[in-house]
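Please read the structure below before turning to the comments.
The values are calculated or read from the model by the stated rules, or taken from the named source; none is laboratory data. Since we're looking at a predicted model, the values are computed, not measured. Cβ sites come from the backbone with ideal geometry, for glycine too, and all protein chains shown count toward neighbours. To get the accessible areas, we keep the full protein, side chains included, count just its heavy atoms, and leave off ligands, DNA and RNA. Shrake-Rupley method; radii C 1.70, N 1.55, O 1.52, S 1.80 Å.
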Amino acid sequence: MKKVALVSALLLSFGSVQAAESPRWDSASISYQSVDVDGDKLTGFAISGSKLLGEDFFVVGSYGNASDDIEIYNSSVEVDFNTLSVGLGYRHSISQTTDVFGVVSYEDMEVEASYQGDSESESENGYGLTIGVRSMVSEKVELSGSLKYVDIADETETAFGVSALYNFTDQFSAGVGYSKADDVDTLSISAIYFF
């Protein structure tokens, strides 16, 4: 009987610890990113954030810029690649530590090329649909994965992304992420502030 009571107490205490470990949605982050566009490497930064509206709906947004000089026909061309995404999402808890989510977003991409003082840019916009999962695998570590469909200028692309966060404190975390699309692969290192 004592063993049953001890096991029950341990399970209850484990359940209360787990209840406190759920993904947090109110955050802002800044990232260093390395972007591979059709074999050309660009580096830059990204800023992003999300905010719950009530218990389940949230807004999310991100802006990224990556640039570098690339060789085209033995000439050095400076390329800037900018992305903007703003969306509305919905999250649903499937356990005390795991949320699934979906996002509908406005997407904008701009590429600018500069060569010997001349520059040209092209910008297109469209929409995105994202589904994903976020899970606290321990008190300090969160893992996430997502699948995103983007339609810009009647061209479609599907990307998948994975990330891992380590929580140093209740408010500050660091993370690494990787996403792969048809023509663009991105590796990022982030600092995240939760509020």
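Data overview
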quantity	calculated
Sulfur and carbon atoms: percent of accessible area, the chain [1.4 Å]	60 percent
Qualifying GluC sites (Glu not before Pro) in the range 19-109, DSSP loop, other Cβ atoms within 10 Å at most 10	E55
Estimated inter-spin distance, E110 and I94, nm [label 7 Å along Cα→Cβ]	3.8 nm
Total formal charge among the other residues, if their Cβ is under 12 angstrom from that of T158, Lys/Arg +1 and Asp/Glu -1	-3
Fraction in percent of alpha-carbon pairs per bin - 10 Å, the chain	8, 31, 30, 16, 8, 4, 2, 1, 0
Whole-Å semi-axes of the ellipsoid equivalent to the range 41-154 (Cα gyration tensor, √5λ, descending)	35, 16, 11
1.4 Å probe accessible area per residue over the chain, in Å²	61 Å²
Computed lengthening from D26 to L187, 0.36 nm per intervening residue step minus Cα-Cα distance	55.7 nm
Residue-by-residue Karplus 3J(HN,Hα) for the range 85-98, coefficients 6.51, -1.76, 1.60, Hz, glycine and proline x	9, 9, x, 10, x, 9, 10, 9, 6, 9, 7, 5, 10, 9
Farthest toward positive dipole pole in the range 14-127 [+1 Lys/Arg, -1 Asp/Glu at C-beta], among H92, I47, Y115	H92
